[in-house]
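One structure is given here, and the rest of the page talks about it.
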Amino acid sequence: MKNSLLLLLTALLILSCKQNPKRDQPGTAETTSEKETPVDFDWLTGKWKRANEKAGKETFENWNKISATEYSGIGFTLQKKDTISKETMKLVSTDGKWSLLVKTPKEKQFIEFKMTEQKNNEFVCINDSLDFPKRIQYSSEGKKLKAVISNEKMNIPFEFDPIK
């Protein structure tokens, strides 16, 4: 009988220690009212073809949602069916802060552009250490995807239509 009672008390003690006291306490990061609202960049996903490209070239971007904190993209330009430029892109959240990572075949590592503005269907990312581009902006207007890469002296607009 003593062994049964000791076993029961030990089990109760273990179960009571496993509770997370922070979960239900007001003023902790775990409370529902203080949780960060997830950011949704799903409007970026899909296959896109540049509508305002120069004659003789075709530019495409393809974006996929990997998880709630990561989107993956690839951009490439064709001329006479040859790939003349290519870049790999990632939109990632680390510790609640979003960044756009861009890598061309010439770079060994991704270049980080930190997100400085984000609102419905639009974001701006900055990297002041580069000559060009320093700023990358994406937005969705109607069924179009728009991007602008720029610095203080120049900006290049991209307008994409969805590929069906």
Of everything in the range 124-164, what is open to solvent by less than 90 Å² (accessible area, probe 1.4 Å) and small (Gly, Ala, Ser)? Give them in sequence order.
139, 140, 142, 147, 150
Output the residues belonging to the range 124-163 that are in a loop (DSSP other than H, G, I, E, B) and charged (D, E, K, R).
128, 131, 134, 143, 152, 153
Restricting to the range 82-111, what's the tally of residues that are among the β-branched types (Val, Ile, Thr), farther than 17 Å from residue 124 by Cβ and touching a strand residue (DSSP E or B) at 6+ places or on another chain (Cβ under 7 Å)?
4
Failed condition for residue 58, given (1) acidic (Asp, Glu); (2) modelled with pLDDT of 95 or more; (3) over 26 Å from residue 137 (Cβ atoms):
(3)
Would you mind telling me which numbered condition in (1) touching an Asp or Glu at 6+ places or on another chain (Cβ under 6 Å); (2) at pLDDT 95 or above residue 22 fails?
(2)
Looking only at the range 131-146, decide whether some residue is under 17 Å from residue 59 (Cα atoms), touching a residue at least 60 places away in the same chain (Cβ under 8 Å) and out of contact with any Cys (no Cβ under 9 Å at 6 or more places or on another chain).
yes
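The values are calculated or read from the model by the stated rules, or taken from the named source; none is laboratory data. Keep in mind that what you see is a predicted model, and the values were worked out from it rather than measured. When we count neighbours, we look across all protein chains shown, and the Cβ atoms used for this are built from the backbone with ideal geometry, even at glycine. Protein only, heavy atoms only, side chains kept; ligands, DNA and RNA dropped before computing areas. Shrake-Rupley method; radii C 1.70, N 1.55, O 1.52, S 1.80 Å.
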